[in-house]
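The values are calculated or read from the model by the stated rules, or taken from the named source; none is laboratory data. Treat the numbers as computed from the prediction; the structure is a model and nothing was measured. We place every Cβ from the backbone using ideal geometry, glycine too, and count neighbours over all the protein chains shown. Quick note on the areas: whole protein, heavy atoms, side chains included, nothing else; ligands and nucleic acids left out. Shrake-Rupley method; radii C 1.70, N 1.55, O 1.52, S 1.80 Å.
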Amino acid sequence: MDVSKLAGNVNPAAPVHSTRIRVGRSIDGFGLSPGITQEQRLKVESLFKSACKKFPGKLAGSYYPLLGMEESVRQQLVDDHFLFMSGDANLRISGMERDWPEGRGIFHNDDKTFLVWVNEEDQFRIISMEKGGDVKGVFTRLVEGIKAVGDSVKEESGKDFMLDEKYGYVHSCPSNLGTGMRASVHIDLPGWTSHGVDKLRARCEELALQPRGTRGESGGQTGCTYDISNKHRLGYSEVQLVQTMIDGVNTLYKEDLELQKK
(Lines give C-alpha, C1' and ligand atoms only; values in the text may rest on other atoms or scores of the structure.)
Protein backbone atom coordinates (compact mmCIF):
# COMPACT_ATOMS: atom_id res chain seq x y z
CA MET A 1 0.00 0.00 0.00
CA ASP A 2 1.87 3.01 -1.33
CA VAL A 3 0.25 6.15 0.09
CA SER A 4 2.36 8.34 -2.22
CA LYS A 5 0.27 7.09 -5.16
CA LEU A 6 -2.82 8.90 -3.85
CA ALA A 7 -3.63 12.00 -5.89
CA GLY A 8 -4.96 14.89 -3.83
CA ASN A 9 -7.24 14.80 -0.82
CA VAL A 10 -10.80 15.69 0.11
CA ASN A 11 -11.46 19.40 -0.49
CA PRO A 12 -10.70 21.21 2.81
CA ALA A 13 -13.81 23.35 2.25
CA ALA A 14 -16.09 20.29 2.24
CA PRO A 15 -18.19 19.98 5.44
CA VAL A 16 -16.62 16.70 6.55
CA HIS A 17 -17.09 15.86 10.22
CA SER A 18 -14.80 12.85 10.42
CA THR A 19 -12.86 10.24 8.45
CA ARG A 20 -12.60 6.52 9.20
CA ILE A 21 -10.82 3.74 7.30
CA ARG A 22 -10.82 0.12 8.43
CA VAL A 23 -9.71 -3.31 7.29
CA GLY A 24 -10.23 -6.79 8.66
CA ARG A 25 -7.48 -9.35 9.16
CA SER A 26 -7.30 -12.99 10.27
CA ILE A 27 -4.27 -14.97 11.45
CA ASP A 28 -3.37 -17.96 9.31
CA GLY A 29 -4.07 -21.23 11.10
CA PHE A 30 -6.90 -19.94 13.30
CA GLY A 31 -10.60 -20.42 12.60
CA LEU A 32 -12.80 -17.58 11.37
CA SER A 33 -15.35 -16.27 13.85
CA PRO A 34 -18.27 -18.57 12.88
CA GLY A 35 -16.18 -21.67 13.55
CA ILE A 36 -13.30 -20.60 15.78
CA THR A 37 -12.92 -22.67 18.95
CA GLN A 38 -12.93 -21.11 22.39
CA GLU A 39 -9.29 -22.09 22.79
CA GLN A 40 -8.30 -20.48 19.49
CA ARG A 41 -10.19 -17.28 20.29
CA LEU A 42 -8.38 -16.94 23.61
CA LYS A 43 -5.08 -17.63 21.85
CA VAL A 44 -5.77 -14.83 19.33
CA GLU A 45 -6.46 -12.44 22.20
CA SER A 46 -3.34 -13.57 24.05
CA LEU A 47 -1.20 -13.06 20.93
CA PHE A 48 -2.59 -9.57 20.47
CA LYS A 49 -2.10 -8.61 24.11
CA SER A 50 1.60 -9.34 23.74
CA ALA A 51 1.86 -7.91 20.23
CA CYS A 52 0.27 -4.54 20.98
CA LYS A 53 2.89 -3.78 23.62
CA LYS A 54 5.40 -3.46 20.77
CA PHE A 55 3.50 -0.90 18.68
CA PRO A 56 5.83 2.02 17.92
CA GLY A 57 5.49 5.75 18.44
CA LYS A 58 2.03 7.27 18.08
CA LEU A 59 0.48 3.82 17.56
CA ALA A 60 1.28 2.87 21.17
CA GLY A 61 -1.64 2.59 23.54
CA SER A 62 -3.64 0.21 25.76
CA TYR A 63 -5.78 -2.91 25.36
CA TYR A 64 -9.12 -3.19 27.16
CA PRO A 65 -10.64 -6.71 27.42
CA LEU A 66 -14.44 -6.81 27.45
CA LEU A 67 -14.47 -9.55 30.09
CA GLY A 68 -14.28 -7.95 33.53
CA MET A 69 -14.21 -4.40 32.13
CA GLU A 70 -14.67 -1.71 34.79
CA GLU A 71 -17.77 0.45 34.38
CA SER A 72 -15.74 3.67 34.12
CA VAL A 73 -13.69 2.20 31.25
CA ARG A 74 -16.82 0.86 29.54
CA GLN A 75 -18.54 4.25 29.75
CA GLN A 76 -15.51 6.06 28.35
CA LEU A 77 -15.37 3.67 25.39
CA VAL A 78 -19.10 4.23 24.82
CA ASP A 79 -18.61 8.02 24.97
CA ASP A 80 -15.75 7.75 22.47
CA HIS A 81 -17.96 5.59 20.17
CA PHE A 82 -15.32 2.84 20.29
CA LEU A 83 -17.19 0.02 22.02
CA PHE A 84 -18.71 -2.82 20.00
CA MET A 85 -21.69 -4.59 21.53
CA SER A 86 -23.34 -7.98 21.50
CA GLY A 87 -26.83 -8.44 20.11
CA ASP A 88 -26.30 -8.15 16.35
CA ALA A 89 -28.72 -10.69 14.87
CA ASN A 90 -26.41 -11.66 12.00
CA LEU A 91 -23.43 -12.26 14.28
CA ARG A 92 -25.53 -14.22 16.76
CA ILE A 93 -27.19 -16.54 14.24
CA SER A 94 -23.84 -17.30 12.55
CA GLY A 95 -22.26 -18.31 15.85
CA MET A 96 -19.89 -15.36 16.14
CA GLU A 97 -21.10 -14.41 19.63
CA ARG A 98 -20.38 -17.74 21.28
CA ASP A 99 -18.73 -17.44 24.71
CA TRP A 100 -19.39 -13.67 24.74
CA PRO A 101 -17.60 -11.53 25.95
CA GLU A 102 -14.65 -13.85 26.63
CA GLY A 103 -11.67 -13.31 24.33
CA ARG A 104 -12.89 -9.97 22.98
CA GLY A 105 -11.45 -6.53 23.50
CA ILE A 106 -10.52 -3.12 22.15
CA PHE A 107 -7.14 -1.48 21.69
CA HIS A 108 -6.68 2.22 21.05
CA ASN A 109 -3.63 4.42 20.91
CA ASP A 110 -3.13 7.34 23.27
CA ASP A 111 -4.41 9.84 20.67
CA LYS A 112 -7.56 7.73 20.08
CA THR A 113 -6.95 7.75 16.34
CA PHE A 114 -5.89 4.10 15.90
CA LEU A 115 -8.03 1.18 17.08
CA VAL A 116 -8.08 -2.60 16.86
CA TRP A 117 -11.20 -4.61 17.66
CA VAL A 118 -10.24 -8.13 18.71
CA ASN A 119 -12.52 -11.10 17.98
CA GLU A 120 -15.60 -9.18 16.92
CA GLU A 121 -16.81 -10.17 13.41
CA ASP A 122 -13.20 -10.77 12.38
CA GLN A 123 -10.21 -11.71 14.49
CA PHE A 124 -8.96 -8.16 13.95
CA ARG A 125 -10.64 -4.98 12.75
CA ILE A 126 -7.86 -2.44 12.27
CA ILE A 127 -9.17 1.13 12.24
CA SER A 128 -7.71 4.60 11.65
CA MET A 129 -9.90 7.62 12.32
CA GLU A 130 -9.91 11.30 13.18
CA LYS A 131 -12.01 14.44 13.04
CA GLY A 132 -12.01 16.33 9.74
CA GLY A 133 -11.35 15.27 6.18
CA ASP A 134 -7.64 14.46 5.98
CA VAL A 135 -8.22 11.13 4.25
CA LYS A 136 -4.59 10.83 3.18
CA GLY A 137 -3.39 11.26 6.76
CA VAL A 138 -5.86 8.70 8.06
CA PHE A 139 -4.84 6.23 5.35
CA THR A 140 -1.15 6.76 6.14
CA ARG A 141 -1.78 5.88 9.79
CA LEU A 142 -3.80 2.81 8.79
CA VAL A 143 -0.98 1.50 6.60
CA GLU A 144 1.47 1.95 9.46
CA GLY A 145 -0.97 0.27 11.84
CA ILE A 146 -1.57 -2.77 9.63
CA LYS A 147 2.18 -3.25 9.38
CA ALA A 148 2.61 -2.88 13.15
CA VAL A 149 -0.10 -5.47 13.89
CA GLY A 150 1.20 -7.89 11.25
CA ASP A 151 4.85 -7.60 12.27
CA SER A 152 4.08 -7.93 15.98
CA VAL A 153 1.77 -10.93 15.54
CA LYS A 154 4.35 -12.59 13.27
CA GLU A 155 7.03 -12.07 15.91
CA GLU A 156 4.79 -13.57 18.59
CA SER A 157 3.37 -16.52 16.63
CA GLY A 158 5.43 -16.98 13.46
CA LYS A 159 2.18 -16.66 11.49
CA ASP A 160 1.09 -14.22 8.78
CA PHE A 161 -2.34 -12.83 7.97
CA MET A 162 -4.62 -15.21 6.08
CA LEU A 163 -4.23 -14.31 2.39
CA ASP A 164 -5.61 -16.08 -0.69
CA GLU A 165 -3.92 -15.51 -4.05
CA LYS A 166 -7.27 -15.07 -5.82
CA TYR A 167 -9.62 -13.72 -3.16
CA GLY A 168 -7.27 -11.54 -1.15
CA TYR A 169 -7.48 -11.23 2.63
CA VAL A 170 -9.88 -13.76 4.12
CA HIS A 171 -12.71 -12.46 6.32
CA SER A 172 -15.71 -13.94 8.09
CA CYS A 173 -18.11 -12.11 5.75
CA PRO A 174 -17.67 -12.78 2.00
CA SER A 175 -18.51 -9.14 1.25
CA ASN A 176 -15.14 -8.18 2.75
CA LEU A 177 -13.04 -10.53 0.62
CA GLY A 178 -10.22 -8.74 -1.19
CA THR A 179 -8.97 -5.71 0.67
CA GLY A 180 -11.54 -5.81 3.46
CA MET A 181 -11.27 -2.02 3.34
CA ARG A 182 -14.02 0.48 3.99
CA ALA A 183 -12.92 4.12 3.71
CA SER A 184 -15.59 6.59 4.76
CA VAL A 185 -16.33 10.18 5.70
CA HIS A 186 -19.27 11.77 7.49
CA ILE A 187 -20.25 14.75 5.35
CA ASP A 188 -23.14 17.23 5.21
CA LEU A 189 -24.95 17.20 1.86
CA PRO A 190 -27.96 19.53 2.27
CA GLY A 191 -28.32 20.07 -1.48
CA TRP A 192 -28.53 16.36 -2.21
CA THR A 193 -30.92 15.91 0.73
CA SER A 194 -33.34 18.43 -0.80
CA HIS A 195 -32.86 16.89 -4.25
CA GLY A 196 -33.79 13.43 -2.92
CA VAL A 197 -32.06 10.63 -1.05
CA ASP A 198 -32.92 8.14 -3.81
CA LYS A 199 -31.18 10.39 -6.34
CA LEU A 200 -28.14 10.62 -4.06
CA ARG A 201 -28.09 6.83 -3.81
CA ALA A 202 -28.20 6.53 -7.60
CA ARG A 203 -25.41 9.07 -8.02
CA CYS A 204 -23.25 7.23 -5.49
CA GLU A 205 -23.78 4.04 -7.49
CA GLU A 206 -22.35 5.82 -10.55
CA LEU A 207 -19.34 6.93 -8.52
CA ALA A 208 -18.75 3.43 -7.01
CA LEU A 209 -19.69 4.78 -3.58
CA GLN A 210 -22.09 3.62 -0.88
CA PRO A 211 -24.19 6.10 1.14
CA ARG A 212 -25.37 5.22 4.63
CA GLY A 213 -26.89 6.97 7.58
CA THR A 214 -24.44 8.01 10.30
CA ARG A 215 -25.92 5.43 12.66
CA GLY A 216 -24.35 2.57 10.72
CA GLU A 217 -25.40 -0.02 8.19
CA SER A 218 -28.92 -0.46 9.53
CA GLY A 219 -29.30 2.57 11.77
CA GLY A 220 -31.19 4.87 9.44
CA GLN A 221 -30.65 8.42 8.22
CA THR A 222 -31.09 11.68 10.13
CA GLY A 223 -30.60 15.24 8.95
CA CYS A 224 -28.30 15.97 6.01
CA THR A 225 -25.19 14.13 7.26
CA TYR A 226 -24.23 10.96 5.38
CA ASP A 227 -21.63 8.26 5.73
CA ILE A 228 -20.07 7.99 2.26
CA SER A 229 -17.68 5.11 1.53
CA ASN A 230 -16.21 3.01 -1.26
CA LYS A 231 -18.62 0.36 -2.49
CA HIS A 232 -16.16 -2.34 -3.58
CA ARG A 233 -13.67 -4.46 -1.63
CA LEU A 234 -12.62 -7.11 -4.17
CA GLY A 235 -10.80 -6.54 -7.46
CA TYR A 236 -9.14 -3.25 -6.57
CA SER A 237 -6.11 -2.19 -4.55
CA GLU A 238 -6.43 -0.28 -1.28
CA VAL A 239 -5.00 2.84 -2.92
CA GLN A 240 -7.56 2.62 -5.75
CA LEU A 241 -10.44 2.33 -3.29
CA VAL A 242 -9.30 5.29 -1.19
CA GLN A 243 -8.78 7.32 -4.38
CA THR A 244 -12.29 6.43 -5.51
CA MET A 245 -13.68 7.67 -2.20
CA ILE A 246 -11.68 10.93 -2.32
CA ASP A 247 -12.67 11.69 -5.91
CA GLY A 248 -16.29 10.74 -5.34
CA VAL A 249 -16.69 12.83 -2.20
CA ASN A 250 -15.19 15.85 -3.97
CA THR A 251 -17.63 15.35 -6.85
CA LEU A 252 -20.63 15.04 -4.51
CA TYR A 253 -19.57 18.18 -2.63
CA LYS A 254 -19.21 20.18 -5.86
CA GLU A 255 -22.61 18.99 -7.06
CA ASP A 256 -24.14 19.68 -3.65
CA LEU A 257 -23.15 23.35 -3.87
CA GLU A 258 -24.92 23.61 -7.23
CA LEU A 259 -28.02 21.85 -5.92
CA GLN A 260 -28.22 24.28 -2.99
CA LYS A 261 -28.68 27.14 -5.50
CA LYS A 262 -31.82 25.59 -6.99
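How big is D, in µm² s⁻¹, for segment 1-47 by Stokes-Einstein at 37 °C and 0.692 mPa s if Rh is the Kirkwood radius over C-alpha pairs? Write out the running numbers ahead of the final one.
Details: Rh = 14.7 Å.
In µm²/s, the coefficient rounds to 223.
Give me the percent relative contact order of segment 50-206, please, defined on Cα pairs under 8 angstrom at least 6 residues apart. Please list the in-between numbers first.
Values: 161 pairs, mean separation 27.8, N = 157.
Value for segment 50-206: 18 percent.
P(r) for segment 96-221, please, calculated from all Cα pair distances in 5 Å bins and given in %.
2, 8, 13, 19, 20, 16, 11, 7, 3, 1, 0
Against the 2.2 N^0.38 Å scaling, with N counting residues, where does segment 130-170 land? I'd like the Cα-based Rg ratio to two decimal places. Show your work: numbers first, answer last.
Numbers: Rg = 13.4 Å, N = 41, 2.2 N^0.38 = 9.0 Å.
For segment 130-170, the normalised Cα radius of gyration comes out at 1.49.
Please report the accessible area of Leu42 (heavy atoms, 1.4 Å probe, ligands and nucleic acids excluded) in Å², nearest 10.
Approximately 70 Å² of Leu42 is accessible to the 1.4 Å probe.
Over the chain, what percent of the accessible surface lies on carbon and sulfur atoms, probe 1.4 Å? The partial results should precede the final answer.
On the way: 6260 of 12580 Å².
The C+S portion of the solvent-accessible surface of the chain is 50 percent.
Over the chain, what is the relative contact order in percent, taking alpha-carbon pairs closer than 8 angstrom and at least six residues apart? Numbers along the way, then the final one.
Numbers: 478 pairs, mean separation 69.9, N = 262.
Computed over the chain, the figure is 27 percent.
Return one whole number: the accessible area per residue of segment 102-143 in Å², for a 1.4 Å probe.
Working: 1120 Å² over 42 residues.
Heavy-atom SASA per residue in segment 102-143 reads 27 Å².
Could you tell me which of the pairs Lys166/Lys254; Lys199/Lys254; Lys131/Lys231; Lys5/Lys231; Lys43/Lys147 are separated by over 27 angstrom between their Cα atoms in the structure shown? Working shown, then result.
Numbers: Lys166/Lys254 37 Å; Lys199/Lys254 15 Å; Lys131/Lys231 22 Å; Lys5/Lys231 20 Å; Lys43/Lys147 20 Å.
Among Lys166/Lys254; Lys199/Lys254; Lys131/Lys231; Lys5/Lys231; Lys43/Lys147, the Cα-Cα distance tops 27 Å for Lys166/Lys254.
Provide the solvent-accessible area of Val73, counting protein heavy atoms only and rolling a 1.4 Å probe, rounded to the nearest 10 Å².
Counting only protein heavy atoms, the figure is 40 Å².
Treating the Cα atoms of segment 7-111 as identical point scatterers in vacuum, please give the log10 of the normalised Debye intensity I(q)/I(0) at q = 0.12, 0.16 Å⁻¹, two decimals.
One equal scatterer on each Cα of segment 7-111 leads to -0.55, -0.91.
Find which of Tyr226, Asn90, Cys204 sits farthest along the positive direction of the dipole of the chain, computed with +1 on the beta-carbon of Lys and Arg, -1 on that of Asp and Glu, about the Cα centre.
Farthest along the dipole direction, towards plus: Cys204.
Relative to the longest principal axis of the C-alpha atoms of the chain, give the angle of the C-alpha long axis of helix 38-51, reported between 0 and 90° and rounded to the nearest 10°.
Taking Cα atoms only, the helix is inclined about 80 degrees.
Which order do the peptides 122-134, 58-70 come out in when sorted by mean C-beta neighbours inside 10 angstrom, highest first?
Numbers: 122-134: 21.2, 58-70: 15.5.
Going by the mean number of other Cβ atoms within 10 Å, highest first, we get 122-134, 58-70.
Just tell me which aspartates and glutamates come within less than 19 Å, Cα to Cα, of Lys54; anything on the same chain fewer than 8 places away is out.
Filter leaves Glu45, Asp110, Asp111, Glu144, Asp151, Glu155, Glu156, Asp160.
Students sometimes get this wrong: rank Glu155, Glu120, Glu165, Glu258 by accessible area, probe 1.4 Å, all chains present, largest first.
Working: Glu155 130, Glu120 30, Glu165 190, Glu258 100 Å².
The residues order as Glu165, Glu155, Glu258, Glu120, largest area first.
Kindly express, to the nearest 10 degrees and within the range 0 to 90, the angle between helix 135-157's C-alpha long axis and the longest C-alpha principal axis of the chain.
The answer is roughly 10 degrees.
As a test of the formula, what do you get for the chain when each DSSP H run with n ≥ 4 contributes -39,500 (n - 2.57) and the sum is divided by the residue count, at 222 nm and rounded to the nearest 500 deg cm²/dmol? Don't skip to the end; give the middle numbers.
Working: 7 runs with 90 residues, N = 262.
Per the formula, -11000 deg cm²/dmol.
Please give the solvent-accessible surface of Glu121 in Å², to the nearest 10, using a probe radius of 1.4 Å with every protein chain present.
For Glu121, the solvent-accessible surface is approximately 40 Å².
At 1.4 Å probe size, put His108, His81 in order of accessible surface, largest to smallest. Before the final figure, lay out the partial values.
Numbers: His108 20, His81 155 Å².
Correct descending sequence by accessible area is His81, His108.
I'd like the Kirkwood hydrodynamic radius of the chain, using the inverse of the mean 1/r over distinct C-alpha pairs, in Å.
Numbers: mean 1/r = 0.0522 Å⁻¹.
It is 19.2 Å.
Order the following by accessible area, largest value first: His17, His232. Probe radius 1.4 Å; ligands, DNA and RNA are ignored. It would help to have the intermediate numbers written out before the result.
On the way: His17 90, His232 65 Å².
My answer, sorted largest first, is His17, His232.
What is the helix-to-structure angle for 238-260, meaning the angle in degrees between its Cα long axis and the longest Cα principal axis of the chain, kept from 0 to 90 and rounded to the nearest 10?
Result, in degrees: 30.
Compute the accessible area per residue over segment 1-93, keeping the other protein chains in place, probe 1.4 Å, unit Å². Before the final figure, lay out each step's value.
Details: 5080 Å² over 93 residues.
Result: 55 Å² per residue.
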